[in-house]
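Participant: Below: one structure in structure tokens.
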Amino acid sequence: MADSVVLVLNQNYEPLNVCNLRRALVLLSRGKAEIIEQGPGVLRSPSQVFPRPSVIRLVNLIKRPRPKARLCRKEIFRRDNYTCQYCGARAKDLTLDHVVPRHKGGRHTWENLVTACRACNHRKGGKTLEEARMTLLRPPFQPYVSPYYALYPYLQSHREWQKFVPGWLPAEVPEPSVNGAVAAPAEASSPIEGARRSAR
């Protein structure tokens with residue numbers, strides 16, 4: 001039961017996060033949330049039968065923190081489109097490189113980390129760009145993350161969640177573009193407005 005996941009909506013129907021089923025049941029039992037969409041099957045106790053929640057909505061509006069991409073190898077590769085930022089090659093054996101080497105005062109930050117193929121990483125070594133006579137395809141940057149970034153992995157298997165996520169394209173899981181933004185369909189009506197209407 002604890003492995004099941006539930007979409008949590010803010011009081012205004014904006015998607016907030018994903019929690020496990022146990023946490024969702026606690027929120028429901030304490031009157032802090034209500035069920036908007038039911039999942040398959042039911043939950044049984046020795047004396048009662050409960051609907052299985054798939055989407056719940058909080059009773060009170062809470063302030064949503066702006067999500068940030070985690071600074072790690074996977075997210076650096078994603079930002080750089082799995083492309084060496086020195087030669088432009090797309091290789092399987094990619095590495096991370098500090099533009100300004102650590103021993104020269106370079107920091108472990110978005111703005112100082114780039115994707116590099118092994119050949120370019122070896123060529124640059126512990127040198128600066130000027131010392132190695134190398135250039136970057138573009139300056140590294142901290143990517144923008146869609147507020148609904150964390151929900152995308154769940155949307156193919158939880159189709160009842162899709163209408164609550166603005167910009168969702170049912171045909172495929174949208175990949176963030178170079179700057180991490182995900183474009184919404186130009187002529188689509190607001191999914192949040194649709195969720196409000198369907199829940200009434």
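The values are calculated or read from the model by the stated rules, or taken from the named source; none is laboratory data. Just so it is clear, the model here is predicted, and its values are computed rather than measured. Heads up, the Cβs are rebuilt from the backbone with ideal geometry, glycines too, and the neighbour counts pull from every protein chain shown.
Participant: Return the pairs, sorted by first residue and then second, in which the second residue is of a type in the set (Ser, Thr, Tyr), the first residue lies in the stretch 7-23 and is assigned to a helix (DSSP H, G or I), the beta carbons are less than 6 Å apart, and the residues are 6+ apart or on different chains.
Facilitator: 21/4
Participant: Filter the stretch 90-106 down to the residues that are touching a residue at least 24 places away in the same chain (Cβ under 8 Å), farther than 17 Å from residue 138 by Cα and in a loop (DSSP other than H, G, I, E, B) and list them by number.
Facilitator: Matches in the stretch 90-106: 91, 93, 101.
Participant: A follow-up question, please. Within the stretch 51-76, can you find the residues that are surrounded by fewer than 14 Cβ atoms within 10 Å (Cβ to Cβ) and either among the acidic types (Asp, Glu) or without any contact (Cβ under 8 Å) to a residue 12 or more places away in the chain (or both)?
Facilitator: Scanning the stretch 51-76 gives 63, 65, 70, 72, 74.
Participant: Output the number of the condition that residue 106 fails; it satisfies all remaining conditions of (1) of a type outside the set (Asp, Glu); (2) closer than 30 Å to residue 148 by Cβ; (3) touching a helix residue (DSSP H, G or I) at 6+ places or on another chain (Cβ under 6 Å).
Facilitator: (2)
Participant: Continuing with this model, one more query. So, in the stretch 58-110, exactly how many residues are more than 30 Å from residue 36 (Cα to Cα), within 20 Å of the chain's Cα centre (by Cα) and not polar (S, T, N, Q)?
Facilitator: Qualifying residue count, the stretch 58-110: 13.
Participant: Turning to a different aspect of this structure: Name the pairs: first residue in the stretch 112-133 and without any contact (Cβ under 8 Å) to a residue 60 or more places away in the chain and surrounded by 13 or more Cβ atoms within 10 Å (Cβ to Cβ), second residue among the basic types (Lys, Arg) and assigned to a strand (DSSP E or B), Cβ to Cβ under 8 Å, at least 6 apart or on different chains?
Facilitator: From residues that are without any contact (Cβ under 8 Å) to a residue 60 or more places away in the chain and surrounded by 13 or more Cβ atoms within 10 Å (Cβ to Cβ), there are no pairs.
Participant: Go through the stretch 69-89 and count every residue that is in a loop (DSSP other than H, G, I, E, B), out of contact with any Pro (no Cβ under 9 Å at 6 or more places or on another chain) and under 23 Å from residue 145 (Cβ atoms).
Facilitator: The qualifying residues number 6.
Participant: Whether any residue in the stretch 21-41 is within 22 Å of residue 149 (Cα to Cα), surrounded by 12 or more Cβ atoms within 10 Å (Cβ to Cβ) and not hydrophobic (A, V, I, L, M, F, W, C) is what I want to check.
Facilitator: Scanning the stretch 21-41, I find at least one residue that is within 22 Å of residue 149 (Cα to Cα), surrounded by 12 or more Cβ atoms within 10 Å (Cβ to Cβ) and not hydrophobic (A, V, I, L, M, F, W, C), so the answer is yes.
Participant: Also: Suppose we filter the stretch 111-149 for residues that are assigned to a loop (DSSP other than H, G, I, E, B), closer than 22 Å to residue 78 by Cβ and either over 30 Å from the mean Cα position of the chain (by Cα) or of a type outside the set (Lys, Arg) (or both); how many remain?
Facilitator: 12
Participant: Inspect the stretch 102-113 for any residue being of a type in the set (Asp, Glu), modelled with pLDDT of 95 or more and outside the structural domain of residue 10 (by TED's automatic domain parsing) and give the result as yes or no.
Facilitator: Checking the stretch 102-113: at least one residue is of a type in the set (Asp, Glu), modelled with pLDDT of 95 or more and outside the structural domain of residue 10 (by TED's automatic domain parsing).
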